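Peer 1: Starting off with a structure, shown below.
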Amino acid sequence: MSRQLFKSTAVVSSMTLISRILGFVRDMLIARIFGVDLATDAFFVVFKIPNFLRRLFSEGAFAHAFVPILADYKSQEDQKCLKLFVDKTMGSLAFILLMITLLGIVVAPLSIMIIAPGFDWQGTQYDLAVLMFKITFPYLFFIGLVAFSGGILNAHDKFAIPALTPVFLNVTMIVAAIWIAPLMDEPIIALAWSVFAAGVIQLLFQLPFLIRLGLLPRFRWGFNDPQVKKMLSLMGPAIFSVSITQINLLIDTLIASFLTVGSVSWLYYSDRLVEFPVGILGLALGTVILPRLAKDYAVQDNKAFSQSLDWGLRLVLLIGTPATIGLFLLAEPMLSTLFQYREFGWSDVYASSLSLKAYSLGLLGYILIKILVPGFTARQDVKTPVRYGIYAMVFSLVLDVLLVFPLAHAGLALATSLTAFFNAALLLKKLLQKNIYQPIKGWRMFFIRVFLASVAMSSVLYYWVDVRLWNDWSSMDRLINLFKWIVIGFFVYGGALVLLGGRWQHVSVNIKD
């Protein structure tokens with residue numbers, strides 16, 4: 001069954017890769033067209049909210065409350081009750097999202113004061129941020145329903161469509177940046193309207209596939225239904241427990257609004273690069289492993305449950321380690337290649353690289369959280385990850401205060417990275433203590449192989465790559481050389497693993513279907 005898990009992970013990763021590539025194209029265009037100034041800082045502060053909501057809902061957090069209950073219905077093979085539960089959940093969720101959306105629009109001025117208190121409350125930047133917040137906030141309503149639809153599809157092993165859906169956000173923003181922005185008095189507002197449009201398009205895209213399953217939801221009142229009540233009671237804590245990193249990123253933005261102009265943008269661009277491997281590996285693994293764990297728990301197969309976790313953790317270490325090394329050692333080349341155009345100069349590349357290196361140090365932690373939290377939520381235990389999430393938030397705030405003064409925006413990024421490992425360590429320790437997860441033999445040798453292969457890759461990139469050359473090269477030269485070193489790093493790491501005796505069997509386990 002590990003082969004099926006890997007196949008499903010590859011499907012989600014492939015679809016996510018398309019979205020991430022278009023996301024980079026989008027950000028390259030924004031950097032090239034809009035540069036780094038007060039208007040872009042205002043947009044990125046506002047965009048943090050819909051982007052945060054997208055990550056909460058469409059990238060799997062909502063599923064932690066919904067999929068385990070759906071798995072119970074599927075195990076009973078009662079299609080009629082399943083359909084009724086889906087309908088009632090859709091009606092209840094839509095009502096809640098609508099109320100929150102309307103409230104969010106009304107309190108937009110207060111929201112900007114909270115998430116970016118460093119903005120001048122009476123200035124142009126503040127007014128612009130409030131306007132764009134009102135335009136983008138309805139995205140919450142649509143993306144919540146998109147996540148609900150995606151949860152249904154994922155629970156039925158239809159992973160490709162939900163994974164492809166985020167592409168439409170990038171496409172609409174690209175269209176807005178190129179063709180709509182030049183027509184507006186304030187060009188940056190075109191990006192805000194594109195976020196709104198993307199929510200509508202994403203929801204419409206998934207509906208035909210729900211029809212094929214015979215599970216197109218109808219809006220029914222479900223607040224009196226015991227299972228809907230249970231799902232709603234789990235939803236808030238479940239979303240919080242898998243979103244600590246994203247909450248910390250929002251806090252980074254809040255504090256960065258007090259720092260030098262450009263700090264918010266530098267954090268945004270560095271976060272975008274870190275999100276690439278997090279999305280390709282972390283999102284894919286979290287999306288695929290949750291339904292598997294929920295199914296294992298529903299039929300009380302504890303051995304398969306533990307084996308699924310072990311498989312996910314090994315894959316995280318195997319792929320996440322070289323990704324961390326690449327992001328850290330190729331930070332300037334990546335940022336220069338992707339974003340150094342016109343208004344985005346080498347000084348912006350250097351400033352962004354500092355926070356990118358700091359964020360990259362926590363990459364394994366970010367991904368581990370996406371694997372470990374399902375170990376609790378698949379068992380409908382949301383209290384434990386929520387408790388640890390609160391500990392992590394307090395830990396992050398303390399580190400923010402300690403590190404922001406000596407390291408500025410890079411200190412905020414480093415605090416987020418350290419917090420991710422702190423949170424992951426608490427989760428793993430509890431899974432081990434409760435015997436929910438029992439590591440399979442071979443971890444020590446597996447770790448040694450990955451470590452030695454990582455040392456080989458790090459040595460090659462550290463001693464041979466001269467990052468200063470990127471500032472003098474043309475766009476094509478930057479791209480060619482960046483691609484060359486990524487390929488070299490990949491082959492050095494993979495070749496070292498093979499020479500050290502690494503085999504796919506060291507990751508794959510025989511998971512019972």
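Peer 1: Name the pairs: first residue in the range 438-466 and touching a residue at least 60 places away in the same chain (Cβ under 8 Å) and farther than 19 Å from ALA323 by Cα, second residue assigned to a helix (DSSP H, G or I) and among the acidic types (Asp, Glu), Cβ to Cβ under 7 Å, at least 6 apart or on different chains?
Peer 2: From the range 438-466, the pairs are PRO439/ASP310; ILE440/ASP310.
Peer 1: Test of understanding: among ALA192, ALA108, ALA155, which residue is of a type in the set (Gly, Ala, Ser) and in contact with a Ser or Thr (Cβ under 7 Å, 6 or more places away or on another chain)?
Peer 2: ALA192
Peer 1: Ok, one more. Taking the condition surrounded by fewer than 21 Cβ atoms within 10 Å (Cβ to Cβ) and at pLDDT 90 or above, does ILE247 pass?
Peer 2: No, not satisfied.
Quick grid of which residues meet (1) touching a Pro at 6+ places or on another chain (Cβ under 7 Å); (2) of a type outside the set (Val, Ile, Thr); (3) crowded, with 18+ Cβ neighbours inside 10 Å; (4) under 30 Å from ALA294 (Cβ atoms):
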position: TYR350; (1), (2), (3), (4): no, yes, no, no
position: LYS357; (1), (2), (3), (4): no, yes, yes, no
position: LEU361; (1), (2), (3), (4): no, yes, yes, no
position: TYR366; (1), (2), (3), (4): no, yes, yes, yes
position: LEU372; (1), (2), (3), (4): no, yes, yes, yes
position: ALA378; (1), (2), (3), (4): yes, yes, yes, yes
position: ASP381; (1), (2), (3), (4): no, yes, yes, yes
position: GLY389; (1), (2), (3), (4): no, yes, yes, yes
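Peer 1: What is the one condition in (1) crowded, with 20+ Cβ neighbours inside 10 Å; (2) under 24 Å from the mean Cα position of the chain (by Cα); (3) over 21 Å from SER19 (Cβ atoms) that PRO217 does not satisfy?
Peer 2: Result: PRO217 passes all but (2).
Peer 1: If we scan the range 324-342, do we find a residue that is of a type in the set (Phe, Trp, Tyr) and under 15 Å from PHE24 (Cβ atoms)?
Peer 2: yes
Peer 1: Something else: Hey, can you tell me all the residues within the range 102-147 that are among the β-branched types (Val, Ile, Thr), over 30 Å from ALA163 (Cα atoms) and buried (at least 22 other Cβ atoms within 10 Å of the Cβ)?
Peer 2: ILE112
Peer 1: Identify, from the list TYR391, TYR359, TYR341, TYR366, the residue that is in contact with a helix residue (DSSP H, G or I) (Cβ under 7 Å, 6 or more places away or on another chain), outside any helix (DSSP H, G or I) and either in contact (Cβ under 8 Å) with a residue 24 or more places away in the chain or under 30 Å from LEU234 (Cβ atoms) (or both).
Peer 2: The match here is TYR341.
The values are calculated or read from the model by the stated rules, or taken from the named source; none is laboratory data. The structure presented is a predicted model; accordingly, all values stated were derived computationally and were not measured. Neighbour counts are summed over all protein chains in view; Cβ atoms, including those assigned to glycine, are modelled from backbone coordinates with ideal geometry.
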